Amino acid sequence: MVCGLSGAECLGKEDLTLALAWLDYALTAASREKPDAFGVRLRLLRAQTLDALGRRGEAVAEYGKVLAPPDFDFARARAAECASTPCGRDEILRRLRAMSKEE
């Protein structure tokens, strides 16, 4: 979803900037409801996007918001990992590739 048709440029600055705008919009729409798995995943993706953009302080604060609500799926563990060690572009791509092979 974030990479679209970017190919080798996946998760480049332009993709990340556009993704951040979309995630902000989606979180605003989702905030009208209690936290659920979708909202928590959006927040995790937003944190990782900020991290990949080099905005570490904002990313760590966002990871903290993932850790607060009830745990959904893998989000809390992933947020804790990324809060302690930056999740940059290469790490995100490695994780996405690993997840796609599990399906």
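The values are calculated or read from the model by the stated rules, or taken from the named source; none is laboratory data. Nothing here was measured: the structure is a model prediction, and the numbers come from that model. Ideal geometry is used to build each Cβ from the backbone, glycine not excepted, and the neighbour counts take in all protein chains shown. Areas reflect the complete protein model, heavy atoms only, side chains present, ligands, DNA and RNA absent. Shrake-Rupley method; radii C 1.70, N 1.55, O 1.52, S 1.80 Å.
Within region 16-45, residues that are under 19 Å from LEU67 (Cβ atoms) have Cβ atoms under 9 Å from residues that are among the aromatic types (Phe, Trp, Tyr) and outside any helix (DSSP H, G or I) in these pairs: PRO35/PHE72; ASP36/PHE72; ALA37/PHE72; PHE38/PHE72; GLY39/PHE72; VAL40/PHE72; ARG41/PHE72; LEU44/PHE74, counting only partners at least 6 apart in sequence or on another chain. So, in region 9-27, of the ones that are closer than 18 Å to ARG95 by Cβ and either small (Gly, Ala, Ser) or in a loop (DSSP other than H, G, I, E, B) (or both), which residue ends up modelled with the highest pLDDT? That would be ALA19. Among the residues of region 48-80, just one is modelled with pLDDT of 85 or more, open to solvent by 80 Å² or more (accessible area, probe 1.4 Å) and more than 18 Å from LYS13 (Cβ to Cβ), namely LYS65.
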